[in-house]
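Visitor: The structure that follows is given in the form of structure tokens.
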Amino acid sequence: MRQGGDARGWLVGVAIAGLLTNARAAHAEPEGAETVRLVWIRGPGADACQDRVALTERVEARLGRPVFSDSARRSIEGFVQREGDRWVVHVYARDADGRLTGARDLANNAVDCTGLDAAVTLAVALVIDPAAALAPRKDAVSVARAQAAEALVRPPPPPPAPPEMRPAAPCPLPSPTPVPRPAVAPTVPPRPSPGDRVILTGQVLVTAGLVPGAAPGFAISADVPVHAWLDVTTGAFFLAEARTASGDFGFGLTAAWAGVCAVPWRDSRVALSLCGDLEVGAIHAVVYAFEPTQPGDRVWSGAEGAARLRFRVLGPVVVVAGLGLVVPLTRQPFIVQGQANAVFQESPVAAVGFIALGASIP
């Protein structure tokens with residue numbers, strides 16, 4: 001009797017070992033499924049957004065299988081931060097050699113990042129599996145358990161009815177109409193709302209044609225967005241005194257301007273502006289070798305057209321570079337009594353170039 005009991009115990013042990021092996025195989029990763037390494041960073045102001053653990057769980061729940069591994073050669077890198085009143089996300093995909101294979105930029109103006117978390121989960125799932133990220137899946141263990149439960153409760157089939165009493169075959173049910181998957185539109189960074197930011201800058205400039213020779217100067221300016229495509233600009237500039245070739249006279253210029261700028265391109269990092277403005281001020285002359293007959297400043301005015309390119313380098317800090325042409329509207333000649341030619345008169349068209357450093361203020 002003891003030997004029979006030992007044999008039955010050995011058979012039960014083999015059966016349990018087989019069940020455990022099958023269970024582990026059901027939980028194993030599907031053969032050929034590729035994993036990726038996830039790098040997820042929450043920048044300034046984004047502590048309330050989902051962290052790497054939460055993003056991993058949501059993506060794997062959507063795809064229905066484990067997809068992330070710290071030893072994977074492919075990687076997905078993401079960064080979320082708060083910029084002003086917007087949430088901004090950048091997602092990058094790299095292959096096994098570290099080359100960039102894709103990128104997505106997301107933005108959201110919501111108070112919190114709840115909606116942005118869902119969009120990031122979908123974006124990462126689409127990068128990993130574009131064909132299956134939009135449809136819910138069941139893992140292999142759930143399917144196997146459902147099939148086993150159905151087999152246990154399924155009643156035995158009834159005996160076949162006699163030919164004369166066999167019921168007519170039921171009409172086939174219509175096949176369900178396939179539901180089209182929603183199209184995923186490419187993410188485009190939204191344009192800033194009117195009045196979103198004021199740009200304050202200090203400029204170092206060089207001009208040719210407004211005073212003798214090429215003269216340095218400086219300026220301050222403020223640009224205020226009033227529409228997605230339009231800014232208002234204002235400021236003032238000062239040109240240091242520059243002497244004529246003879247050294248007997250010196251001329252300087254101080255003026256203020258106001259105008260508008262068309263902005264054909266603007267995003268969170270770069271803005272291109274085409275500006276036009278009117279300038280009003282005074283040109284002042286200094287006489288070194290003669291007695292001035294009408295001392296004092298002279299009213300000056302002009303019109304300028306310029307192109308500007310602005311870069312956001314770090315946080316609110318911006319760098320601006322620009323080139324422009326100035327048409328003086330009041331070209332007063334400065335003459336010496338007894339001489340036929342003027343000692344100085346502004347050029348019909350003058351050039352100006354500048355580079356500026358400033359900050360954006362919400």
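Visitor: Please state which one of Val67, Val120, Val91, Val124 is of a type outside the set (Gly, Ala, Ser), over 28 Å from Arg312 (Cβ atoms) and surrounded by 18 or more Cβ atoms within 10 Å (Cβ to Cβ).
Guide: Exactly one residue qualifies, and that residue is Val67.
Visitor: Here's a follow-up. Please find, among Pro348, Pro328, the residue that is surrounded by 13 or more Cβ atoms within 10 Å (Cβ to Cβ), modelled with pLDDT of 90 or more, over 23 Å from Ala262 (Cβ atoms) and not aliphatic (A, V, I, L, M).
Guide: Answer to the selection: Pro328.
Visitor: Any idea which residue in segment 219-239 is modelled with the highest pLDDT, counting only those that are assigned to a strand (DSSP E or B) and out of contact with any strand residue (DSSP E or B) (no Cβ under 6 Å at 6 or more places or on another chain)?
Guide: So, considering only residues that are assigned to a strand (DSSP E or B) and out of contact with any strand residue (DSSP E or B) (no Cβ under 6 Å at 6 or more places or on another chain), the one modelled with the highest pLDDT is Leu230.
Visitor: Still on this structure, I have one more. So, in segment 53-106, how many residues would count as being of a type in the set (Lys, Arg) and within 27 Å of Ser268 (Cβ to Cβ)?
Guide: Number of matching residues: 6.
Residue by residue, here is whether (1) in contact with a Gly (Cβ under 8 Å, 6 or more places away or on another chain); (2) at positive phi; (3) buried (at least 18 other Cβ atoms within 10 Å of the Cβ) holds:
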site	(1), (2), (3)
Gln81	yes, no, no
Arg86	no, no, yes
Leu100	no, no, no
Leu106	no, no, yes
Ala110	no, no, no
Leu116	no, no, yes
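Visitor: While we're on this one: I'd like the full set of residues that are at pLDDT below 90 and surrounded by 13 or more Cβ atoms within 10 Å (Cβ to Cβ), limited to segment 253-270.
Guide: Arg266, Asp267, Ser268
Visitor: Taking into account only those residues within segment 271-324 that are among the polar types (S, T, N, Q) and over 24 Å from the mean Cα position of the chain (by Cα), which is surrounded by the most Cβ atoms within 10 Å (Cβ to Cβ)?
Guide: Top of the filtered list is Ser301.
Visitor: Output the residues belonging to segment 46-78 that are small (Gly, Ala, Ser), in a loop (DSSP other than H, G, I, E, B) and under 15 Å from His90 (Cα atoms).
Guide: Ala46
The values are calculated or read from the model by the stated rules, or taken from the named source; none is laboratory data. Just so you know, these numbers come straight off a predicted model, no measurement behind them. Cβ atoms come from the backbone with ideal geometry, glycine included; neighbour counts cover every protein chain shown.
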